[in-house]
Structure formats: C-alpha cells, structure tokens
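Participant: I am attaching a structure below and will ask some questions about it afterwards.
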Amino acid sequence: MLFIKTSSVAFSFLFTQTVGYLNLFLLYSMFVTKIVSKKQDLSLIYFRLAIDMVYSFCACSIQGYYICRQINDELVIKNLSFFLTWPTNVCITIRPILVILINQDRIFATCFPISYHIHRHKISTSDVSLFLLACALFNQYILFGYCRNVIDVPLECDNFKCTVNECYYGFWLSFEHYSYVLIVILSATIVIRLYMCYLKGTQLNAVFARATLIALIDSIIILTFNALPPTVLKQFPNINFDTVGPVLTAFKNAGFVIEAFIVLKIMFRETNLVNTINN
C-alpha cells in the first residue's frame, strides 16, 4: 500500500511539473515573445492557464514534501502540510469557477453572437480579477470564519482531508459536486447549440471558435479525470482513502497534462496556419 501511495505521489509530482512548465511556456509565448496571438474571446482562458500554472507549482511543493518525509521522518514539520496545501486549495477553488465562467461566456457567444461581440468588451480583465478575488476571499471566510478551522495539523497528516476540519471538508465536497453538475449542464447547452447550428446548415467554423473548443475539452477532462473516478469509487465504501486519495490525485493531474498538451497544440496550430497564409 505504501508503494502504491508513494508511486502515485511521485507521478503526481512529474505531472504537475509538466503542466506548470507547459502553461508557463504558453503564457510566455503569448505575452512576452508574442509567438501566439492574443484574442479577446480567450481572455478567460488566459486566466485559467495562469491558475493552472500556479496550482501546478504549488502542488509540486506538497508532493515534494511528502516524498521527503517518506525518506526521513525528521523532515516532518508541524502544520507545514496546511501551509503547503492552502495556496493549492485556493487555486482549486477558483478553477471550477473559471470553467463555469468560460462555459457561460461560450454559451452567450454561440447563442447571441451579435450581442456578444457588441457587449463582451465591457467586462474588463479587472472585473474578472476582482470577481475571482472575491470568490477566494469567500472561500477563506468559510474556512476560518464560518467553519472556524484551527491550524493544528497532526504530524502524521499527509493529505488535504486531515489539514482542515470536518465542516470545511464537507463544504469543499459539496462545492466540488455542485460545480461538476453545473459544468455538465453548461457544456451540454453548448453542445446542443452547436448541434442545432449543424441542423440549420450553419457552418460550424462560424460558431465553433477556438475558445469554444478549449472550453469543451476542459469540461470533458474535468468530468473524465476529476468527477468520474470518485463517483465510481463511492460504490466501494470499504476502500481506504489514504491509499486511493493519492491515486485519484495522480489521475486528476494526468488529465491536466493531457489538457495542457491539447491546448498547446490548438494555440500553435492556429498560429502556424496564420503564418502559412501570410507567407
């Protein structure tokens, strides 16, 4: 069991590092070297790439700490598990909210394209940043205010569940569950809209923008690698969480790697296409 747990953490460490550097490279290509062109309809995608990058590097520190404490018990530090998990938890809280916003944005873009292009620019980057900041602060209020979580983590704690109290952990599970449900509903709405356009004979290239494709891929990855495995494992209540938890985390991070490679390919494919046309 220890081998499975440690191996899962090691794979997670590799996966998160890969995701972090892929997203860093993509953002660098957009905002520094400008190899990849920026577009207004991708602004929320840029936020998500940045959140994924920060999450990945924060998660690396957690997994690295776990590997170190398996090598030497003297490296265990009181409450360090909480302080390493805390920024990761903030990112994981913001990410599904961003996915929901991206899906809503794509629904308006595909259902009301004229109004979308007229009014979308009125929502600035600062507005989105303030909203995400408010969500992060609300999450912290639930953690320390409503649930009155006390930072007193047992030395043997090596997972998120034991770094917080039952109140906040229950809130987090509910938040995660309802986020997945909402993502399914919004993604289904986009797919139905695209299918209706197809039946009407509308060219899908006119409505199936790059942002829409990335939004659907993001939703598929979340549902396949994040939502489905825990749902299946709930059918087996006797499974040990201490063993399965790291496996689920590794599976989730593997999904992030797959998504990062797909998004990278989509971004550079259009860039290469534009360069070919210009030449």
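Participant: Checking the condition free of Cβ contacts under 8 Å to residues at least 40 places away in the same chain and of a type outside the set (Val, Ile, Thr), which residue from Leu173, Leu155, Leu101, Leu132 passes? So that I can check it myself, show each step before the final result.
Facilitator: Numbers: Leu155 fails: free of Cβ contacts under 8 Å to residues at least 40 places away in the same chain; Leu101 fails: free of Cβ contacts under 8 Å to residues at least 40 places away in the same chain; Leu132 fails: free of Cβ contacts under 8 Å to residues at least 40 places away in the same chain.
Being free of Cβ contacts under 8 Å to residues at least 40 places away in the same chain and of a type outside the set (Val, Ile, Thr) holds for just one of Leu173, Leu155, Leu101, Leu132, which is Leu173.
Participant: Every residue in the stretch 1-42 that is at pLDDT 90 or above, under 21 Å from Val128 (Cβ atoms) and polar (S, T, N, Q), please.
Facilitator: Asn23
Participant: Turning to a different aspect of this structure: Is there a residue being at pLDDT 90 or above, assigned to a helix (DSSP H, G or I) and more than 15 Å from Leu155 (Cα to Cα) anywhere in the stretch 77-85?
Facilitator: no
Participant: Here is a follow-up. Being surrounded by fewer than 20 Cβ atoms within 10 Å (Cβ to Cβ) and more than 19 Å from Val9 (Cα to Cα) is true for just one of Ile67, Ile77, Ile45, Ile114. Which residue is that? First the steps, then the outcome.
Facilitator: On the way: Ile67 fails: more than 19 Å from Val9 (Cα to Cα); Ile77 fails: more than 19 Å from Val9 (Cα to Cα); Ile45 fails: surrounded by fewer than 20 Cβ atoms within 10 Å (Cβ to Cβ).
Selected residue: Ile114, the only one of Ile67, Ile77, Ile45, Ile114 that is surrounded by fewer than 20 Cβ atoms within 10 Å (Cβ to Cβ) and more than 19 Å from Val9 (Cα to Cα).
Participant: Could you check, for the stretch 140-149, whether at least one of its residues is touching a Leu at 6+ places or on another chain (Cβ under 7 Å) and over 26 Å from Leu223 (Cα atoms)?
Facilitator: In the first step, residues of the stretch 140-149 are kept if they are touching a Leu at 6+ places or on another chain (Cβ under 7 Å); the result is 149.
Filter again for over 26 Å from Leu223 (Cα atoms), leaving 149.
Yes: one or more hits.
Participant: Looking only at the stretch 138-163, filter to residues that are in a loop (DSSP other than H, G, I, E, B) and among the charged types (D, E, K, R); which one of those is farthest from Ser81 (Cα to Cα)?
Facilitator: As a first pass, look at the stretch 138-163 and keep what is in a loop (DSSP other than H, G, I, E, B): 147-159.
From what is left, the residues that are among the charged types (D, E, K, R) are 148, 152, 156, 158.
Details: Arg148: 18, Asp152: 10, Glu156: 10, Asp158: 7 Å.
Within the stretch 138-163, the match that is farthest from Ser81 (Cα to Cα) is Arg148.
The values are calculated or read from the model by the stated rules, or taken from the named source; none is laboratory data. For clarity, every value in this text was computed on a predicted model and none was experimentally measured. As a convention, Cβ positions derive from the backbone with ideal geometry for all residues, glycine included, and neighbour counts pool all protein chains shown.
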